[in-house]
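The values are calculated or read from the model by the stated rules, or taken from the named source; none is laboratory data. Predicted model, so just to flag it, every value in this text is computed and none were measured. All Cβ positions, glycine included, derive from the backbone under ideal geometry; neighbour counts span all protein chains shown.
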Amino acid sequence: MHINTSNLWQSDLMKQAIKDSIPKLDPRTLWRNPVMFAVEMGAILTTMITARDIIAGGNFGFDVQISIWLWFTILFANFAEALAEGRGRAQAENLRQARSEAIANRLLNDGSTEQVSALELRKGDLVLAKDGEIIPSDGEIVNGVALVDESAITGESAPVVREAGGDRCGVTGGTRVLSGQIKVNITVDPGETFLDKMIGMVESAKRQKTPNEKALEIMLIGLTGLFIVVVISLEAFAGYMGLLVSVPVLVALLVCLMPTTIGGLLPAIGIAGMDRLLSHNVIAMSGRAVEASGDVDVVLMDKTGTITLGNRMATEFIPAVGVTREELAVNAMLSSLADETPEGRSIVDLSKSLLSIRGRDIRPAEGSTFIPFTAETRMSGIDMGGREIRKGAHDSIEEYVKSKGGKMPEDIRVAVDSIAKDGGTPLVVSDGIRVLGAIRLKDVLKENIKERISRLRTVGIRSVMITGDNPITAAAIAAEAGIDDFIGQARPEAKLEAIQKYQQDGHLVAMIGDGTNDAPALAQADVAVAMNAGTQAAREAANMVDLDSNPAKLLDIVEIGKQILITRGALTTFSVANDVSKYFAILPAIFAIAYPSLNVLNIMQLATPTSAVLSAIIFNAIIIPMLIPLALRGVRYQPTSVTSLLTRNLLIYGLGGLIVPFVGIKMIDMLVVLLHLE
Amino acid sequence: MSPEFVYVALLLGVLLVLAVPTGRYIAKVFSGERTPLTPLLRPIEKRFYSLLGIDENKEMSWKTYASALIAFNILSVIAVFLLQEAQGWLPLNPQGFGPVRWDTAVNTAISFVTNTNWQAYSGEQTMSYLTQMLGLTVQNFLSGAVGIAAAIAVIRGFIRKNTATIGNFWVDLTRSVLYLLLPLAIIWALVFASQGVVQTLGPYVAAQTPDSGEQLIAVGPTASQDAIKFLGTNGGGFFNVNSAHPFENPTPLTDSLQVLGMLLIAASLPFALGAMLKNRGQGRAIFASMMVLYLAGLGVALWSETNGNPLLDHLGVAGGINLEGKETRFGIVPTVLFAESTTVTSDGGVDGMHDSFLPLTGLVLLFNMAIGEVIFGGVGVGLIGMIFYAIMTMFIAGLMIGRTPELFGKKLEPSEMIMAVIGLLAPSVTLLLLATLAVVLPAGLFSLNNAGPHGLSEIIYAFASACGNNGSAFAGLNANTIFYNMTTALGMLVGRFATILPALAIAGSLAQKKIVPFSAATLPVAHPLFVVMLVGTVIIVGALTFFPVFVLGPILEHMLLGAGRTF
């Protein structure tokens, strides 16, 4: 699934794209791209004139060349689009194959199963999948646990656990069960699975133009119309001045002036953008959502899983006066041996490393009883050899110790307060009536998260953290991660309310979610990314699905969205800036015969009028394939301030667009003269 | 520095000092806030509404607003037309002028209603005092007010959110006249009259010439028409030679006040925009863009004219200074300043012969008009035109920073783009097509007095003037023919309504959108980079559209002039 840009020019893809660019010449399909449609009309006109000249036996060498280059201009544009489509289709094809071969064990009412093709499954069907079988369609696990290899979809080789209940019950058709047996409730009808959607997105027939693409196209149509009038009036004005300009030269000038570069590459930019998302393992339900992600200025993130690793970890033991750190560690470890929560395990880990007994198996003495954690006592521990070792929240331990006639030492009280103030969670360990010390549990930030959030800030996106923690803890984590804002002690509906509030102030909000209770918020957000492992409700409410279920992916999505828009803007600027040089190539060629003083405009010193027109039209044509890699890969995007980003792009594509064609046309002119084409 | 340049700097300095507070005043007037004139004018305004049955609190959708505007303009055209045809039977006609020829009357009616003031006729030989005052001067006020109203409606599109309405046309129109144009016109007219601009309803004066001949000296109610001629960027002169006539423009003071008058309101509107957006920096950026373009054109024109005419230079005449067609009472620099100002603002009043400028100066004047009169431009519509360019600029700029584009906090989507493209390109396209007709049809070529590139410039100038709603003439072209009266009238209509109507549509669409708050990810309008891009867009769009015809017209003429050929 991972698209490697180095295989951009894979030969089989290239061959297919070349083949596909021919049928796209059909005016009935080409009219969807008005700029290229206009070029085709010009090409047809020029070709007819050339044919007339050939039949009449006139001088046709020049007109033939103009006609050929006009046709190539269209073919190059078609090729760009076909190549972009082909790359996406190649990936989709593999998936489609995997899916159509799958056999499903459909559960019948009487409890028996029948084997049917995956393509026959409908919403509401129940299927069984066990070791080694392919999950036939998208659905939710209603029963069982399985280790699933999702590499066919995500490219990620590490298998993932999927289980019934909770927020990790979603399975995708085409993935393989490695171990375990699950009963899956199919949630989609044929043709609506993720694979189908993925295939649909990369096939342009289903690709809707986004509003932004439409607006740009209107501008390009306007420019095209303007230049048609410019060229028609030019013919009249030249006639008034006693000059006759041949139709092929007029058409050449027109095509040079029309924004063919952007017009030709526009479809490819959009398709390639979706491909790039796909290569990040994100499926977008619409191009509009991708572009909107470039506009997002508020990102809502769950603390757990996005900003911090899933769980709190023990990072420090603070012994009470008269207790050694080792004693505290040993007792903390003992109290946590039976604690299978991540917090408990992290306490064991920390103790082991502190006591340098890492790797050794620690077992409690025979006859010990584990005291499990309950919501009422809010502590856990172990009774062994008459000792009662307990670990829990500071207030419950205090109560417990007091009830036995002990008391909380002052230094531990201070330690607990300071841990809480720093955003950590304090736990207290006691042995009978003795309080041994405190454990600092801390949220551990995910790798790179701080850097990513500061990148968000550079591009003007506010990050907002949502957490169930109390405000003090939340503030501490937010400060550590560099988060702009947070919502602490959030109730489930807090996300929806936060999004609505930001939207009312005019912000565009992105959010990532996986749980069913995220669905309303996802539906409300402007850009909503659901984890593929999440519930069906979440996936349906979202407009993008992250196959890797990696919440930090949102940042990549935002950058790809921006990249698509930047590429569009940069190539438009380049295309329009190119026109200046083409005037300087063609106008002296047309006018200087009758008015030699206008040769001052021939600043490129092009050899002859014919070579000048030819060079301009050749440059105009070949710049399209030369820019295909840029269109497919996207303009390099680096988070920086908007003004420096704009300055940079203006210099490269605006100023560059002014200068490059002067050089290019001059070089082509020299080549044309060398080959005696003029 | 020569005193002439001090004069230019001083005049523009005064303009700046006046434009900022005027802009804020305009913002207050149209936001319904209290101004120093409110106690005096508010009762009159209310009285006027009750008289005409206007409910000033009734808001209009853009379609209603546009319908009211069109209906008002159609009635105006009919009224001005009928007035010209009936002037022979009406009072205040001491010279006993008969009905105006139908095509001239149609052209004139459209011309004054569209704020163009293209004059195919010669005022003192055609129009009665009544026609001049009730028809033309009244339209000078109303057409300017219509433009200002439209601009205010467009600004409302940006500052309002989640609403379908953009104001009340009748209220905006009334306030433009009452609070803005009338007070300023009274001041200007009094100063003009004090400087010797004639103001009388009496008949033309007969004078004895030194060689015992009899000369009839045309006079009339000039000062009152002259003030609004500039303040409303109308430009229609009382006399045929416009402000080159000593009765219309007697002294250097009136000359400078005329320049100041035509720039004042148009230059204030960007500041009004800033005040209404509650973001003065954005208004300043629009103003700065206009000023940069203005100074660039002025620089080229001054450079061209002060360099002189190489042919005269060879003859050893006047150091080569090209004084032909200049207002010698004022000199070269003030005449060029006047010409630059009258072409950028769509005023069209002249104090010299534009036909007689050197080719490159002519090129600058043509460019000013052909890009759609957006460098200050006509009152109201100039700002509108610049907003079209700003929409294009921000669309591309927005893409290049990776955001779906926005301007002043409003997202730019297909519906805005269609309207901006129409508003920007329809006048240019019409200009080129009408000029094409003129050089192809015998009826068009028949009127030409000059051949070659200069003749082409004259034709282009005529249609640029019409489509830009400027009204100034290059002369050298007999425009009072059925062909030119009809084609320029069409150009004027397109230039006016293909600007105002799309702008109102944009306002209607924008008013319904929410306002995107400014953040670090927003491209700042109040930034030099925006000014550079906006100026660049205006120049590039203009150059790409008109480069071929400029090459065949003024540029070729310039080349041939260097080689010793004239036309």
Residues A:Ala292, A:Ala272, A:Ala268: which one is in a helix (DSSP H, G or I) and within 12 Å of another protein chain (Cβ to nearest Cβ)? A:Ala292
Pairs, please: C-beta under 7 Å, at least 6 apart or cross-chain, first residue within 15 Å of B:Ser61 (Cβ to Cβ) and in the stretch B:150-161, second of a type in the set (Ser, Thr, Tyr) and surrounded by 24 or more Cβ atoms within 10 Å (Cβ to Cβ)? B:Ala153/B:Tyr65
Filter the stretch B:445-473 down to residues that are more than 27 Å from B:Gly232 (Cβ to Cβ) and either crowded, with 23+ Cβ neighbours inside 10 Å or among the basic types (Lys, Arg) (or both) and give me whichever is farthest from the chain's Cα centre (by Cα). B:Pro453
So A:Pro639 clears everything in (1) in contact (Cβ under 8 Å) with a residue 24 or more places away in the chain; (2) under 23 Å from A:Val247 (Cβ atoms) except one condition, right? Which one? (2)
Looking across the stretch B:215-263 at residues that are in a helix (DSSP H, G or I) and of a type in the set (Gly, Ala, Ser), the single one that is surrounded by the fewest Cβ atoms within 10 Å (Cβ to Cβ) is B:Ser256
B:Pro528 fails exactly one of (1) under 27 Å from A:Glu235 (Cβ atoms); (2) at pLDDT 90 or above, namely (1)
Here is a list: B:Asn450, B:Asn480. Which entry is away from chain A (no Cβ under 14 Å) and in a loop (DSSP other than H, G, I, E, B)? B:Asn480
Sort out which residues of the stretch A:238-257 are surrounded by fewer than 24 Cβ atoms within 10 Å (Cβ to Cβ), at the interface with chain B (Cβ under 8 Å from one of its Cβ atoms) and in a helix (DSSP H, G or I), and write them in order of number. A:Ala238, A:Gly239, A:Tyr240
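One line per residue, one yes/no per condition, for (1) crowded, with 24+ Cβ neighbours inside 10 Å; (2) within 29 Å of the chain's Cα centre (by Cα); (3) within 24 Å of B:Phe395 (Cβ to Cβ); (4) within 14 Å of chain B (Cβ to nearest Cβ):
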| position | (1), (2), (3), (4) |
| --- | --- |
| A:Ile564 | yes, yes, yes, yes |
| A:Arg568 | yes, yes, yes, yes |
| A:Ala577 | no, no, yes, yes |
| A:Ile603 | no, no, no, yes |
| A:Thr610 | no, no, no, no |
| A:Ala621 | yes, no, no, no |
| A:Gln638 | no, yes, yes, yes |
| A:Arg648 | no, yes, yes, yes |
| A:Leu655 | no, no, yes, yes |
Residues satisfying the stated conditions in the stretch A:495-505, i.e. crowded, with 17+ Cβ neighbours inside 10 Å and either modelled with pLDDT under 85 or away from every other protein chain (no Cβ under 14 Å) (or both): A:Lys495, A:Leu496, A:Ala498, A:Ile499
Name the residues in the stretch A:408-449 that are without any contact (Cβ under 8 Å) to a residue 24 or more places away in the chain and under 26 Å from A:Phe370 (Cα atoms), would you? A:Val416
So, in the stretch B:1-44, of the ones that are more than 27 Å from the chain's Cα centre (by Cα) and charged (D, E, K, R), which residue ends up surrounded by the most Cβ atoms within 10 Å (Cβ to Cβ)? B:Arg42
Does any residue of the stretch B:402-422 turn out to be touching a Cys at 6+ places or on another chain (Cβ under 6 Å), of a type outside the set (Lys, Arg) and in contact (Cβ under 8 Å) with a residue 60 or more places away in the chain? no
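Against the definition (at pLDDT 85 or above, farther than 30 Å from B:Ala275 by Cα and of a type outside the set (Val, Ile, Thr)), how does B:Phe158 come out, yes or no? Explain how you work it out, then say what you get.
Details: at pLDDT 85 or above: yes; farther than 30 Å from B:Ala275 by Cα: no; of a type outside the set (Val, Ile, Thr): yes.
Answer is no for this residue.
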Given (1) assigned to a helix (DSSP H, G or I); (2) at the interface with chain A (Cβ under 8 Å from one of its Cβ atoms); (3) not basic (Lys, Arg), where does B:Thr522 come up short, assuming only one miss? (1)
From (1) within 14 Å of chain A (Cβ to nearest Cβ); (2) more than 22 Å from the chain's Cα centre (by Cα), pick out the condition that doesn't hold for B:Phe330. (1)
Checking the structure you have, find out if any residue of the stretch A:587-607 is out of contact with any Cys (no Cβ under 7 Å at 6 or more places or on another chain), under 23 Å from A:Asn212 (Cα atoms) and part of a helix (DSSP H, G or I). no
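Listed here are the residues, each with its yes/no results for (1) buried (at least 21 other Cβ atoms within 10 Å of the Cβ); (2) free of Cβ contacts under 8 Å to residues at least 24 places away in the same chain; (3) assigned to a loop (DSSP other than H, G, I, E, B).
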site	(1), (2), (3)
A:Arg288	no, no, no
A:Val296	yes, no, yes
A:Met301	yes, no, no
A:Thr306	yes, no, no
A:Glu316	no, no, no
A:Gly322	no, yes, yes
A:Glu326	no, no, no
Out of (1) more than 14 Å from every other protein chain (Cβ to nearest Cβ); (2) touching a residue at least 60 places away in the same chain (Cβ under 8 Å), the odd one out for B:Gly553 is which? (1)
